[in-house]
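Here the structure comes first, spelled out in structure tokens, and everything after it is commentary.
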Amino acid sequence: MDTNRLFEHFFSLYGKPEDKPRVFFAPGRVNLIGEHTDYNGGYVLPCAIQYGTYLLIRPVSAGFVSFASTNFENQYKIAIKDLSVKVNGAWVNYPLGVIDQFRQMNIEVAGYEMLYSGDIPNGAGLSSSASIEMVTAFALKSLLNVSDLSMLDLVKLSQRAENQFIGVSCGIMDQFAVGMGAKDHALFLNCETLEYETIPVLLTGYSLIIANTNKARGLSGSKYNERVAECQQALADLHPLIPASNLGEIGFMKFFKIQDQIVDERIRRRARHVISENQRVLNAVSSLKRGDLGQFGALMNASHESLRDNYEVTGFELDTLVEEAWKINGVTGARMTGAGFGGCTVNLVRKEAVNGFIEKVGAAYFEKTGIRATFYIAEVSDGVKEI
Ligand code: GLA
């Protein structure tokens, strides 16, 4: 990203080039394995990637905050007193949700001029929203000098912004990965205790390829919240036999014995996914530590099958992109990543097979769906920072 062009853009909007804004950057994330486990108190293994959101921000003495983005046309100039009012269907609700959280903690924001610029494809399941939230939270903390807010506090308040202001009952994985990301490391996080370990992602001989179905994925008010509710239903059904406070607490062997307690077959499959996926994360971490990428890839494949058959969050485009990937020699693992219902897949591909992979999978996917997929080589990167 050329920050000089961002400065020019900023000054063309707000003037006063002698008064330079501060520049912050928050990455997006790709989840390697552990899907739909976070809001069930389970394990996840995401990492931050090189794509993300820049924020140029400058305090102004006027009583309003100006929001602009290089990605969206609409600009907003909102009086400080109106900052907690949601704007209809607009990108600006992500920063507003974060500002609202600061205000709920009685931290009053001042006037600002802001310019956002992101290179994460929108709606691709790579956490463009968590990236906008975290870059806003980190910048506000820095500008307001609130030293007693830790990175984990920023992660939690950004998640609350998404839950309360946007209305998506998401877990903590995305904001956590964007905040805590570490170069060349995945984050092995227990979403119940928030204990975590950074695990080196040593991809000797392999590349991590993100493939975008380019089928837009709507999260808000969608099937996502339905899945959250289904997991709660499973927990309630199991409660007489096992009074767990979330599905992540239940081991797979135990679940196997008591699963018939869940009357509805569909709800039983939802729980089966969460509980088996949790075990897959643990196995994946051991294989990564052993450098056994073959085993890691097999777990990715099993994760996709479970998301497809048990959790039913894949759909034709994601399944096609993954199934075409599985056919290619040199692909060790492929699965959907993120919430599903469209968005991206993540693929572990031998370096010498990458070009062929992109060409063949792209062509077959286009033939079957009529959509062109886009491919990115992921670089595992650091979390949010000031530039
Ligand atoms: C979205 C949510 C996350 C997580 C994933 C699925 O990205 O924001 O909290 O639930 O879906 O694993």
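The values are calculated or read from the model by the stated rules, or taken from the named source; none is laboratory data. Everything numeric here is computed off the predicted structure, so don't read it as measured data. Positions of Cβ are backbone-derived with ideal geometry, glycine not excepted, and every protein chain shown enters the neighbour counts. Just the protein is used for accessible areas: all its heavy atoms, side chains included, with ligands, DNA and RNA removed. Shrake-Rupley method; radii C 1.70, N 1.55, O 1.52, S 1.80 Å.
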Tell me, which residue of the range 357-376 that is under 17 Å from ILE209 (Cα atoms) and basic (Lys, Arg) is surrounded by the most Cβ atoms within 10 Å (Cβ to Cβ)? LYS360
In the range 256-283, what residues are over 21 Å from ASN301 (Cβ atoms) and either touching a residue at least 60 places away in the same chain (Cβ under 8 Å) or basic (Lys, Arg) (or both)? LYS257, ARG266, ARG268
Look through the range 24-55, keep the residues that are open to solvent by 10 Å² or more (accessible area, probe 1.4 Å) and away from the ligand (no atom under 14 Å from the Cβ), and return whichever of them is nearest to PRO121 (Cα to Cα). TYR51
Hey, LYS81 open to solvent by 40 Å² or more (accessible area, probe 1.4 Å), within 16 Å of the ligand (Cβ to nearest atom) and in a helix (DSSP H, G or I) or not: no
Would the range 307-322 turn up any residue that is farther than 30 Å from TYR206 by Cα, modelled with pLDDT of 95 or more and not aliphatic (A, V, I, L, M)? no
Take residues that are within 19 Å of the chain's Cα centre (by Cα) and tell me which of the helices (runs of 4 or more DSSP H) falling wholly in the range 272-387 contain 3 or more. 293-309
Return the residues of the range 118-140 that are surrounded by fewer than 21 Cβ atoms within 10 Å (Cβ to Cβ) and either part of a helix (DSSP H, G or I) or away from the ligand (no atom under 16 Å from the Cβ) (or both); say none if nothing qualifies. ASP119
Among strands (runs of 3 or more DSSP E) entirely within the range 151-251, at least 3 residues that are open to solvent by less than 20 Å² (accessible area, probe 1.4 Å) occur in 185-190, 206-212
Inside the range 327-347, can you point out the residues that are away from the ligand (no atom under 11 Å from the Cβ), over 15 Å from TYR206 (Cβ atoms) and small (Gly, Ala, Ser)? GLY342
